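What follows is a single structure, written as structure tokens, with notes after it.
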């Protein structure tokens with residue numbers, strides 16, 4: 001079986017990297033002889049991922065003025081209000097590789113949470129037109145994200161693999177009967193343990209991840225998080241390790257975490273992890289933390305999957321659903337509005353500390369089955385391919 005993973009923006013988002021690494025690994029373990037190819041917008045960021053068979057440049061190309069594609073697209077847009085030809089031309093690097101594979105996995109787990117995706121819709125149409133299997137891999141989609149256009153696109157898929165229960169139930173309610181419940185592949189990601197930095201307290205370091213995206217959605221969250229840091233420093237003896245997980249221009253965790261580090265470094269109880277580690281190395285550090293507080297979903301998955309009690313900042317459907325599947329409730333998951341309320345933040349932090357042992361025990365019981373659910377995603381693809389012929 002030849003698999004092409006597409007809708008990947010590059011590995012400077014360590015969550016995207018975690019999906020690619022873990023997905024490739026479980027596919028090859030569960031499907032003998034499988035070849036996995038990655039269509040990437042930033043292939044230079046994916047070179048370190050060694051278990052892929054090929055990474056190729058799939059970055060969209062703008063149409064050059066006065067070319068045939070530009071003329072045809074211009075006419076279609078002006079006369080018919082139809083962008084499809086131009087979008088297919090822009091996504092040509094991905095589309096031209098469809099013929100080389102058996103199944104195409106759309107791997108951007110939350111791409112469908114951010115408005116319409118007309119370019120992806122055109123790739124999806126071309127996959128089906130060329131007679132290949134189309135799979136939405138480990139997705140999260142909120143009820144509020146759905147539209148008629150998005151629903152029509154989702155109806156094209158041969159298989160939709162939802163990574164948590166909230167999305168799965170919503171998809172079934174929308175009549176998408178080819179949906180299956182799995183778990184995020186990153187629950188299976190291996191960890192790489194590097195030397196602990198100076199200032200790290202073994203068994204007594206709390207990780208803190210914050211996202212510019214969350215801050216932009218709630219500007220008061222910055223000052224509330226500062227107050228939470230003050231609370232941790234004044235009521236505990238823990239070290240705080242600021243932990244970036246996305247290093248993209250304009251969306252760089254390291255930049256906002258550096259502000260906090262500079263503000264509190266005089267205490268001698270804060271450190272900041274570097275911005276050049278890969279997903280496995282970040283997981284290696286997170287796994288040795290006592291607690292974790294995070295805004296990035298895959299940073300929190302790194303914590304959950306290594307039994308670290310975790311508090312989630314600024315939830316989305318994915319973080320709500322994952323917590324519900326782990327705990328039976330949306331435990332320690334704060335909404336975008338709640339993260340500017342310092343009283344709620346302190347109360348949730350104290351809840352996490354007071355229930356430390358119970359949370360760890362719950363994770364130790366739940367994570368093995370979550371990993372099995374991750375592998376089940378490959379079983380569903382194998383069944384799909386067997387049914388084909």
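Values as computed for the structure displayed
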item: Segments 265-277, 209-221 sorted - mean Cβ within 10 Å per residue, highest first; result: 209-221, 265-277
item: Candidates 207, 15, 199: whichever shows maximal mean-square fluctuation once the chain is modelled as a Gaussian network with Cα springs under 10 Å; result: 199
item: Label point 7 Å beyond Cα of residue 193 along Cβ direction - residues of the stretch 277-313 with amide nitrogen under 11 Å; result: 284-285, 287-289
item: Residue exposure sequence - 245, 8 - by fewest surrounding Cβ within 10 Å; result: 8, 245
item: As computed over the stretch 207-275, the Cα convex hull volume per residue (Å³); result: 74
item: Sequence of 200, 137 once ranked by neighbouring C-beta atoms within 10 Å, starting from the fewest; result: 200, 137
item: Cα→Cβ-extended label distance, 7 Å offset, between residue 275 and residue 57, nm; result: 2.5
item: Principal-axis tilt of helix 68-80 within the chain, Cα atoms, nearest 10 degrees; result: 90
item: Along each principal axis, Cα extent of the chain, largest first, Å; result: 65, 45, 40
item: Separation between Cα centres of the stretch 202-236 and the stretch 144-159, rounded to whole Å; result: 36
item: Residue 346-residue 143 FRET efficiency (beta carbon distance; Förster radius 35 Å; 0.05 resolution); result: 0.70
item: Residue order, fewest to most surrounding Cβ atoms within 10 angstrom, among 282, 261; result: 261, 282
item: Within the chain, helix-based [θ] at 222 nm, where runs of 4 or more DSSP H residues each add -39,500 (n - 2.57), nearest 500; result: -14000 deg cm²/dmol
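The numbers here are math on the coordinates, done by the rules we state, and not lab data. Computed from a predicted structure; not experimentally measured. Reconstructed Cβ throughout: ideal geometry from the backbone, glycine too, with neighbour counts over all protein chains shown.
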